[in-house]
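S.K.: This is the structure I want to talk about, given as structure tokens.
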Amino acid sequence: MACVLEAPLRMSVLSEVTASSRHYVDRLFDLDPQKVLQGVIDMKNAVIGNNKQKANLIVLGAVPRLLYLLQQETSSTELRTECAVVLGSLAMGTENNVKSLLDCHIIPALLQGLLSPDLKFIEACLRCLRTIFISPVTPEDLLYTDGTVISHLMALLSRSPYTQEYICQIFSHCCKGPDHQTILFNHGAVQNIAHLLVSTSYKVRMQALKCFSVLAFENPQVSMTLVNVSVDGELLPQIFVKMLQRDKPIEMQLTSAKCLTSMCRAGAIRTDDPCIVLKTLPCLVRMCSKDRLLEERVEGAETLAYLIETDVELQRMASITDHLIVMLADYFKYPSSVSAITDIKRLDHDLKHAHELRQAAFKLYASLGANDEDIRKKIIETENMMDRIVNGLSESSIKVRLAAVRCLHSLSRSVQQLRTSFQDHAVWKPLMKVLQNAPNEILVVASSTLCNLLLEFSPSKEPILESGAIELLCSLTQSENLALRVNGIWALMNMAFQAEQKIKSDILRGLSTEQLFQLLSDSDVNVLMKTLGLLRNLLSTRPHIDHIMSTHGKQIMQAVTLILEGEHNIEVKEQTLCILANIADGTTAKELIMTNDDILQKIKYYMSHSNAKLQLAAMFCISNLIWNEEEGSQERQDKLRDMGVVDILHKLSQSSDPNLCDKAKTALQQYLA
């Protein structure tokens, strides 16, 4: 019997809940405006802090009615204001609530409300807009669909501290990328917001500061403008420096440090400026200390990583400030003990976000070790560092994996570490695993790291080869992603350097002639140069040159002709002539040049070229073809003499370039011997 009653019982409870909410919605339709107003005020009081009640009212259709009342010219300003307040309260619930509000086209209704002359109503609309725009489910582009909106918001900035706070908050949340930055900049954001940095309201100062931190990020135009703006006779960088003093709230210190960091990276402030060296950098290192909150430590480390990423002096300075390298090791032990955090909610939050600390630490280690060998050594000697990186490569979070690969890439620039720590921890194994199946952004950094592990002095080179790397790298060369194509071919180039014949043959087989031609006709000069570098490494040592040219000679000669005839830069043509010089060094391979009059004419042409590098490369070809001690040298010398090569050699022996002169004299001696 109880089972039969169970479903109806549930139904009655649900209908009771919605029934208790229904009267709020019903009152919105009363014919007496005073009763409607009271109904909205009662609804406002009922939904504060009550997500269940918010969801019920949305289900019962309160939103379209509230929006109707808000937009009606006949509604009193008080009623319209209260409607905006309730809608703002509903938006503070769950993400589903915000989605429901967006589906009812709340944004155009609220933007329309901003045209009202009544300040209280404008503030209520802005407060609601702010709540909706800071939700992750709201598309930022909704702010930019109508060009007049930004202009109107800029004009409203002067109305009150509330309009200033909310509008700056909307801007900082909706400014995602260069397009948005440009729109806001062109609408006078810098001039309109600058004076808010000295507002008497902390909230206004803070939101204005956040606005500048997103406007200036990776934006030279904004950064160069900010550096020259002054408020009350004080330049903005000086105002930012005051805001990162120790007595200011942490949020303010961090955000002003981000502003100065962006300006420095954009070149608006020099890296050796005291405001960077003595203020910004120490402030960010302070944020990494273990007595800061998790999110402060994450933001501090990530901003510092960005600040020092490309400047070796800042890297050295950061590495010796407050024992930073050791301090970062604590990021991996978090939370170290439950007793340290008495607030259970905080502990739960931090456990869920501890991976962000690991990500930030890897990022900062990567920046610190980007250039200096001593810093890399200190990082690797930090307790369990290599184990932490190896573990990081297999974490579930993509961001942690990417940061761990970046850190590994930074450390892999060290010859010493490639020979020791990288080998001791068999780093290549997890790296190869990462390369099997990862998003492109991870693949790009992982394949760059693999390039370093394949250098000839790296002990990891052999096991990587045995684990099927050739097939993997050949597949990367076919990627649509340019960086992956470059890295794939670069790694193969490193692999082919002084390699055994079998490895070279495997590379050529894996690439296929068709793919080789594809790479040689790639529109990117980097891909072309690395492919030529690969060919040059494949065609080294005589037995290898002869073997490869006996199987792939026709195609390689075609490729060489193609490039020498094409519109390419000096470096590309020089590299191509060097490949010909290598072929000319073969025993049987050189016949492929001697029987190809077209190629011989091209070599002759480059001997008289205006560029000395190309002349020298062409001379190497000639020297290898006419070398006396080799079989058939007399016939080759005669053929080249008939072509007029000896006359050119005589001219070059008088050259003012000592290298050309010497090379020409050496070649002429072969004729005299």
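S.K.: Give H187, H195 a once-over and let me know the one that is touching a strand residue (DSSP E or B) at 6+ places or on another chain (Cβ under 6 Å) and open to solvent by 10 Å² or more (accessible area, probe 1.4 Å).
M.R.: H195
S.K.: Filter the stretch 47-84 down to the residues that are within 17 Å of H105 (Cα to Cα), crowded, with 18+ Cβ neighbours inside 10 Å and β-branched (V, I, T) and list them by number.
M.R.: I58, V63
S.K.: Only one of these is over 28 Å from I320 (Cβ atoms), surrounded by fewer than 24 Cβ atoms within 10 Å (Cβ to Cβ) and modelled with pLDDT of 95 or more: M206, M243. Name it.
M.R.: M206
S.K.: Let me ask something else. Right, K120: open to solvent by 70 Å² or more (accessible area, probe 1.4 Å), within 22 Å of L157 (Cβ to Cβ) and in a helix (DSSP H, G or I) or not?
M.R.: Yes; evaluated as a whole, the condition is true for this residue.
S.K.: Something else now. Among the residues that make up the stretch 312-325, is at least one of them open to solvent by 60 Å² or more (accessible area, probe 1.4 Å), modelled with pLDDT under 95 and either more than 22 Å from D272 (Cα to Cα) or of a type in the set (G, A, S) (or both)?
M.R.: no
S.K.: Sticking with this one: What tally of residues in the stretch 150-172 results from selecting those that are within 28 Å of T94 (Cβ to Cβ) and either among the acidic types (D, E) or modelled with pLDDT under 95 (or both)?
M.R.: Matching residues across the stretch 150-172 total 1.
S.K.: On to the next question. Given the condition of a type in the set (D, E, K, R), at pLDDT 90 or above, outside any helix (DSSP H, G or I) and open to solvent by 60 Å² or more (accessible area, probe 1.4 Å), answer yes or no: does some residue in the stretch 28-40 qualify?
M.R.: Checked the stretch 28-40: at least one residue is of a type in the set (D, E, K, R), at pLDDT 90 or above, outside any helix (DSSP H, G or I) and open to solvent by 60 Å² or more (accessible area, probe 1.4 Å).
S.K.: Right, next: Restricting to the stretch 414-459, what's the tally of residues that are among the aliphatic types (A, V, I, L, M) and farther than 16 Å from A403 by Cβ?
M.R.: Our first condition is that a residue be among the aliphatic types (A, V, I, L, M); within the stretch 414-459, this holds for 415, 418, 426-427, 431-432, 434-435, 438, 442-446, 450, 453-455.
Cutting the leftovers down to farther than 16 Å from A403 by Cβ gives us 415, 418, 426, 432, 435, 450, 453-455.
Number satisfying all stated conditions: 9.
S.K.: Does the stretch 350-364 contain any residue that is of a type in the set (F, W, Y) and open to solvent by 10 Å² or more (accessible area, probe 1.4 Å)?
M.R.: no
S.K.: Give me the residue from the stretch 419-451 that is at pLDDT 90 or above and among the polar types (S, T, N, Q) and, out of that set, most open to solvent (accessible area, probe 1.4 Å).
M.R.: N440
S.K.: Would a scan of the stretch 335-342 turn up a residue that is over 26 Å from A216 (Cα atoms) and open to solvent by less than 10 Å² (accessible area, probe 1.4 Å)?
M.R.: Looking for residues that are over 26 Å from A216 (Cα atoms) and open to solvent by less than 10 Å² (accessible area, probe 1.4 Å), one finds none in the stretch 335-342, hence no.
S.K.: I'd like to check something: does the stretch 377-400 contain any residue that is closer than 23 Å to A496 by Cβ, in contact with a Phe, Trp or Tyr (Cβ under 7 Å, 6 or more places away or on another chain) and in a helix (DSSP H, G or I)?
M.R.: No.
S.K.: Could I ask something else about it? Is it the case, given these coordinates, that R485 is touching a residue at least 12 places away in the same chain (Cβ under 8 Å), farther than 26 Å from S410 by Cα, open to solvent by 10 Å² or more (accessible area, probe 1.4 Å) and assigned to a helix (DSSP H, G or I)?
M.R.: For R485, the condition - touching a residue at least 12 places away in the same chain (Cβ under 8 Å), farther than 26 Å from S410 by Cα, open to solvent by 10 Å² or more (accessible area, probe 1.4 Å) and assigned to a helix (DSSP H, G or I) - is not met.
S.K.: Another question, then. Residues L143, L101, L129: which one is among the hydrophobic types (A, V, I, L, M, F, W, C) and over 21 Å from K210 (Cβ atoms)?
M.R.: Just one listed residue meets the conditions, L101.
S.K.: What residue, among those in the stretch 278-294 that are closer than 24 Å to V312 by Cβ and among the hydrophobic types (A, V, I, L, M, F, W, C), is surrounded by the fewest Cβ atoms within 10 Å (Cβ to Cβ)?
M.R.: L278
S.K.: Would you say R80 is out of contact with any Ser or Thr (no Cβ under 7 Å at 6 or more places or on another chain) and within 22 Å of I122 (Cβ to Cβ)? Step through it out loud before you land on a result.
M.R.: Working: out of contact with any Ser or Thr (no Cβ under 7 Å at 6 or more places or on another chain): yes; within 22 Å of I122 (Cβ to Cβ): yes.
Yes.
S.K.: State yes or no: is E456 surrounded by fewer than 22 Cβ atoms within 10 Å (Cβ to Cβ), modelled with pLDDT under 85 and outside any helix (DSSP H, G or I)? Please lay out each step first, then the result.
M.R.: Numbers: surrounded by fewer than 22 Cβ atoms within 10 Å (Cβ to Cβ): yes; modelled with pLDDT under 85: yes; outside any helix (DSSP H, G or I): yes.
Criteria met by E456.
S.K.: Check whether at least one residue in the stretch 582-589 is within 44 Å of the chain's Cα centre (by Cα) and either among the aromatic types (F, W, Y) or over 18 Å from Q670 (Cβ atoms) (or both), and report yes or no.
M.R.: Checked against the condition, which is being within 44 Å of the chain's Cα centre (by Cα) and either among the aromatic types (F, W, Y) or over 18 Å from Q670 (Cβ atoms) (or both), the stretch 582-589 yields at least one hit.
S.K.: Is at least one residue of the stretch 353-371 among the polar types (S, T, N, Q), farther than 23 Å from L294 by Cβ and in contact (Cβ under 8 Å) with a residue 12 or more places away in the chain? Talk me through it step by step, then tell me what you get.
M.R.: Residues of the stretch 353-371 that are among the polar types (S, T, N, Q), as a first pass: 359, 367, 371.
Imposing the further condition that a residue be farther than 23 Å from L294 by Cβ reduces the set to 371.
Then drop every residue that is not in contact (Cβ under 8 Å) with a residue 12 or more places away in the chain, which leaves 371.
Yes - at least one qualifying residue is present in the stretch 353-371.
S.K.: I'm checking my understanding of the structure. Among residues of the stretch 519-544 that are among the polar types (S, T, N, Q) and closer than 25 Å to L455 by Cα, which one is surrounded by the most Cβ atoms within 10 Å (Cβ to Cβ)?
M.R.: Top of the filtered list is T531.
S.K.: Taking interchain pairs and intrachain pairs at least six residues apart, which have beta carbon atoms under 9 angstrom, with the first residue in the stretch 274-288 and assigned to a helix (DSSP H, G or I) and the second of a type in the set (F, W, Y)?
M.R.: Filtered contacts from the stretch 274-288: C275/F240; K279/F240; T280/F240.
S.K.: Restricting attention to the stretch 264-273, and to residues there that are touching a residue at least 40 places away in the same chain (Cβ under 8 Å) and of a type outside the set (G, A, S), which single residue is surrounded by the most Cβ atoms within 10 Å (Cβ to Cβ)?
M.R.: Per the stated criteria, the residue is C264.
The values are calculated or read from the model by the stated rules, or taken from the named source; none is laboratory data. All figures in this text were calculated on a predicted structure; none of them were measured in a lab. Counting neighbours? That spans all protein chains shown, and the Cβs are built from the backbone with ideal geometry, glycine included. These area figures cover heavy atoms from the full protein model, side chains too; ligands, DNA and RNA do not enter into them. Shrake-Rupley method; radii C 1.70, N 1.55, O 1.52, S 1.80 Å.
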